[in-house]
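Following: one structure in structure tokens, then a few remarks.
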Amino acid sequence: MTTLYADVYELVRRIPAGRVTTYGDVARLLGRPRAARQVGYALAALDHDTDVPWHRVVNAQGRISPRGSGGSDELQRLLLEDEGVHFDDNDRIDLARFGWSGPG
């Protein structure tokens with residue numbers, strides 16, 4: 001596992017239940033503002049039984065990003081809704097309400 005991946009996992013574990021952040025915000029918080037795509041790769045590399053709450057990371061529009069594996073989009077939405085995150089009629093999350101911008 002690369003250092004970036006380990007750093008991504010450590011940071012994502014700190015996102016509180018019921019909150020989300022974006023791939024870009026994770027990259028920015030790690031001091032690598034141009035690494036949003038790599039954050040996505042790191043999360044996609046996780047095992048199914050991971051303790052990393054990958055579902056709390058969404059795209060910059062507050063939407064779930066499509067994935068190659070079937071059903072993961074629906075699973076992500078269900079996990080977020082179970083934590084109290086709401087989606088609007090356009091399948092977006094209000095980042096001003098549910099967004100997390102980092103520790104502290």
*Please find the FRET efficiency linking T50 to A96, where r is the Cβ-Cβ separation and R0 is fixed at 30 Å, and quote it to the nearest 0.05.*
0.60
*Tell me the GluC sites (Glu not before Pro) within the stretch 2-104 that lie in a loop according to DSSP and have at most 16 other beta-carbon atoms within 10 Å.*
E83
*Mean Cα-pair separation over length for the chain, i.e. relative contact order, pairs under 8 Å, 6 or more apart, %*: 33
_Additional length obtainable on full extension of the chain from R63 to R34, 0.36 nm per residue less Cα span_ = 8.5 nm
*asked:* If the only charges are +1 at each Lys and Arg Cβ and -1 at each Asp and Glu Cβ, what is the size of the charge dipole of the stretch 3-98 around the Cα centre, to the nearest 20 debye?
replied: 540
*Long-range amide H contacts for T22: which residues qualify at under 5 Å (H placed 1.01 Å from N, peptide plane, sequence gap of 5 or more or a different chain)?*
V58
*asked:* If I stretch the segment between E83 and A6 completely, what's the gain in nm (0.36 nm per residue apart, minus their alpha carbon distance), one decimal?
replied: 25.3 nm
*Hey, could you grab the Kirkwood Rh for the chain? Inverse mean 1/r over distinct alpha carbon pairs, Å, one decimal.*
13.7
*Once phi is turned into θ = phi - 60°, what whole-Hz ³J(HN,Hα) does the Karplus curve with 6.51, -1.76 and 1.60 give for every residue of the stretch 37-42, x standing for Gly and Pro?*
5, 5, 4, x, 4, 4
*From the phi of every residue in the stretch 24-36, what ³J(HN,Hα) in whole Hz does the Karplus formula 6.51 cos²θ - 1.76 cosθ + 1.60 yield, where θ is phi - 60° and glycine or proline is x?*
x, 5, 4, 4, 4, 5, 8, x, 10, x, 9, 9, 4
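FYI, it's all coordinate maths here, none of it is from the lab. None of the values given here were measured: they were computed from a predicted structure. Backbone-built Cβ (ideal geometry, glycine too); neighbour counts: all protein chains shown.
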